[in-house]
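Visitor: The structure follows.
The values are calculated or read from the model by the stated rules, or taken from the named source; none is laboratory data. All values reported here derive from a predicted model rather than from experimental measurement. In this analysis, Cβ positions are derived from the backbone assuming ideal geometry, glycine residues included, and neighbour counts consider all displayed protein chains. Heads up: the accessible areas ignore ligands, DNA and RNA and are worked out on the full protein's heavy atoms, side chains in. Shrake-Rupley method; radii C 1.70, N 1.55, O 1.52, S 1.80 Å.
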Amino acid sequence: MTGWWRSNAIALGALAVLIPAAALTMSWNEWAGIRQGTATEPITVAPGESVRYADALVGPVSAEFTELPDAPKDARVITVTLQIDPGDPAIACSPFVLKEVDGARREWAPRDDLGREWDVDRWTYCDDEATAPYEIELDYLVPEDASGPFAVEFGSAGSYPEFVSAVVAP
């Protein structure tokens with residue numbers, strides 16, 4: 001070893017340890033921030049059951065095949081009904097998604113263009129100002145070959161990374 005390497009050996013050794021440690025710390029910090037802002041840990045709700053989530057009682061959840069006037073002939077409509085007993089503060093939800101539990105694992109967003117008559121008392125979202133229990137009713141347009149079981153998934157920003165995955169079978 002030459003004189004420069006020898007006189008700087010301790011500093012170079014510290015750099016060899018500190019640079020990877022700093023990179024790992026920054027990566028972990030970023031990953032933890034991403035993980036907190038996304039839904040990664042499902043809370044499964046079995047058919048007919050309820051669960052406490054984001055200070056609200058969620059469930060039971062049910063589903064049935066329904067016929068709506070503007071639904072295409074080569075598809076089916078699944079109507080999902082979800083009971084919410086809001087907590088304090090009331091729950092605010094991310095958009096609801098219907099997913100196939102088995103098979104192709106396709107997913108669908110709720111539809112409001114299938115010809116259902118307007119009803120002021122029909123809820124299609126979580127009301128973050130509600131204080132009394134209410135029922136959410138969502139229509140999903142799925143292909144004829146989709147048979148279930150399905151899971152309705154949604155989350156609440158303050159409760160991530162946990163989210164609700166309610167299993168339904170029409």
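Visitor: Among the residues of the range 60-100, which ones are touching a strand residue (DSSP E or B) at 6+ places or on another chain (Cβ under 6 Å) and either modelled with pLDDT under 90 or not in a strand (DSSP E or B) (or both)?
Guide: Leu68, Ala71, Pro86, Gly87, Ile91, Cys93, Ser94, Phe96
Visitor: Here is a further query. For Val152, state whether it is crowded, with 18+ Cβ neighbours inside 10 Å and under 21 Å from Lys73 (Cα atoms).
Guide: no
Visitor: Something else: Kindly indicate the residue of the range 54-72 that is out of contact with any Pro (no Cβ under 6 Å at 6 or more places or on another chain) and of a type in the set (Asp, Glu) and also nearest to Ser165 (Cα to Cα) among those meeting that condition.
Guide: Applying the filter and picking the extreme gives Asp55.
Visitor: Looking only at the range 120-142, which residues are of a type in the set (Asp, Glu) and open to solvent by 70 Å² or more (accessible area, probe 1.4 Å)?
Guide: Of everything in the range 120-142, those that are of a type in the set (Asp, Glu) and open to solvent by 70 Å² or more (accessible area, probe 1.4 Å) turn out to be Asp121, Asp128, Glu129, Glu135.
Visitor: Condition check: modelled with pLDDT under 90, of a type outside the set (Gly, Ala, Ser), assigned to a strand (DSSP E or B) and open to solvent by 60 Å² or more (accessible area, probe 1.4 Å). Does Pro20 satisfy that?
Guide: no
Visitor: Give me the pairs, please: first residue somewhere in the range 18-43 and closer than 30 Å to Ala166 by Cβ, second residue anywhere and open to solvent by 70 Å² or more (accessible area, probe 1.4 Å) and at pLDDT 75 or above, beta-carbon distance under 7 Å, and either six or more positions apart or on two chains.
Guide: As it stands, the answer is Glu41/Glu162; Ile43/Glu162, since those pairs meet every condition given.
Visitor: How many residues are surrounded by fewer than 17 Cβ atoms within 10 Å (Cβ to Cβ), among the basic types (Lys, Arg) and in contact (Cβ under 8 Å) with a residue 12 or more places away in the chain when one looks only at the range 71-110?
Guide: Residues flagged as surrounded by fewer than 17 Cβ atoms within 10 Å (Cβ to Cβ), among the basic types (Lys, Arg) and in contact (Cβ under 8 Å) with a residue 12 or more places away in the chain within the range 71-110 amount to 2.
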